[in-house]
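*Asks:* Have a look at this one before I ask anything.
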Amino acid sequence: MAPLLMPAASSSSSCSPKRRRSLVLLGLVLLVAVDVSAAGSMYDEIELIWGASRTFFFMDGGSEALALSLDQSQGSCFRSREKYLFVRIDVEIKLIEGDSAGTVCTLYMISEGPWEIHDEIDLEFLGNVTGEPYTLHTNIFANGVGGREQQFRLWFDPTADYHTYSIVWNPKHIMILVDGKAIRDFKNNEDEGVAFPTWQWMRTFGTLWNAEDWATQGGRIKTDWSQAPFVSYYRNYTVTWCRPSSSSPGAAWCGDEPKGSTHFDLDTKTLADLQWVRANHMIYDYCTDAARFNATTLPKECTLP
């Protein structure tokens with residue numbers, strides 16, 4: 001790894017694990033279908049929120065990267081400078097090597113509205129003791145309603161090298177991908193009474209923090225602080241999004257189907273990827289948790305095609 005590129009700037013903003021945000025003004029937004037992909041300087045794309053003293057930018061493999069660090073006193077957090085409404089986020093992440101029990105490394109998007117109605121798309125990498133696999137914990141909140149957890153075991157060692165994790169959010173789907181392979185798809189079923197994020201702008205966040213009370217084997221395995229500092233790495237933060245425009249009435253929706261369309265078709269590869277991951281690497285799905293739900297309390301989206 002190359003020497004330090006530049007010091008991290010601190011910020012007075014908050015990015016606590018509870019991630020409660022202030023109220024934003026509500027309004028109708030017209031979109032112009034501009035396909036803007038940016039993989040520029042991470043220093044320009046993101047800002048550090050807390051833990052700046054233990055966080056640094058550096059050159060890694062010819063790409064600008066960011067190291068997040070966690071010790072017993074504090075973790076670290078960044079967020080995107082921009083807010084997005086319908087977007088694809090791609091970022092390469094290399095997770096903590098060795099004993100990472102109790103730690104959580106995240107990539108997520110969240111709105112800045114009141115917590116009671118917030119939208120959120122979560123990827124949380126739950127650390128584990130040396131030699132055991134990481135768990136990728138995912139969740140989706142819409143209009144304040146979450147509880148949509150799915151968990152996966154990755155089919156590679158996420159600490160040995162960088163891998164690309166993606167959030168695709170358009171008016172019809174939220175998809176989570178790993179190295180271009182779809183692992184989760186959440187459809188827009190608003191017409192069936194299921195909330196879906198369609199109007200609240202979201203920022204991207206990445207954090208490294210201590211959650212030893214629940215992260216590893218339900219909190220049975222605690223953080224070994226003799227292994228600190230724990231470090232995770234992010235690089236090649238790339239954004240493909242639509243910018244707002246007040247002069248484009250009737251604009252298209254980021255290349256997806258027109259608003260109001262009921263077309264949900266995914267291509268053959270995406271469907272095959274989803275089936276393969278579900279059959280081989282999913283370890284928890286809220287829709288099949290009989291101890292948590294019964295036939296009368298099962299979330300409605302679990303019963304839809």
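*Asks:* Give the shape of the stretch 31-303 as rounded, prolate or oblate, defined through the alpha-carbon gyration tensor: a ≥ b ≥ c are the square roots of its eigenvalues, a/c under 1.5 means rounded, and otherwise the shape is prolate if a/b is larger than b/c and oblate if not.
*Replies:* Oblate shape, in that a/c is at least 1.5 and b/c is the bigger or equal ratio.
*Asks:* Now a separate question. Going through the stretch 145-235, which trypsin sites (Lys or Arg not before Pro) have at most 15 other Cβ atoms within 10 Å and a DSSP loop state?
*Replies:* Loop-located and lightly packed - R220, K222.
*Asks:* Could I ask something else about it? What FRET efficiency would be calculated for the residue pair Q275, K300, taking the C-beta separation as r and a Förster radius of 30 Å, to the nearest 0.05?
*Replies:* It comes out at approximately 0.85.
*Asks:* Continuing with this model, one more query. Could you list V168, V129, V91, V277 in order of exposure, starting from the residue whose Cβ has the fewest other Cβ atoms within 10 Å?
*Replies:* Lowest count first: V129, V168, V277, V91.
*Asks:* Please turn the phi angles of the stretch 129-144 into ³J(HN,Hα) values with the Karplus equation 6.51 cos²θ - 1.76 cosθ + 1.60 (θ = phi - 60°), one per residue in order, whole Hz, x for glycine and proline.
*Replies:* 5, 3, x, 9, x, 6, 10, 9, 9, 10, 7, 9, 10, 9, 6, x
*Asks:* How much length is gained if the chain between W199 and D267 is pulled fully straight, taking 0.36 nm per residue apart and subtracting their Cα-Cα distance, in nm to one decimal?
*Replies:* 21.9 nm
*Asks:* Defining a contact as two alpha carbons under 8 Å apart and six or more residues distant in sequence, what relative contact order in percent does the stretch 31-303 show?
*Replies:* With pairs under 8 Å counted, the relative contact order is 30 percent.
*Asks:* Residues of the stretch 177-197 with amide nitrogen under 19 Å from the 7 Å Cα-to-Cβ point of D289?
*Replies:* Those under the cut-off are 184-187, 195.
*Asks:* Next up: Would you kindly calculate the mean projected area, averaged across all directions, of the convex hull enclosing the Cα atoms of the stretch 46-134, in square nanometres?
*Replies:* Mean projected area for the stretch 46-134: 7.6 nm², to one decimal.
FYI, it's all coordinate maths here, none of it is from the lab. As the structure is a prediction and not an experimental result, all values here were calculated from the model. Cβ atoms come from the backbone with ideal geometry, glycine included; neighbour counts cover every protein chain shown.
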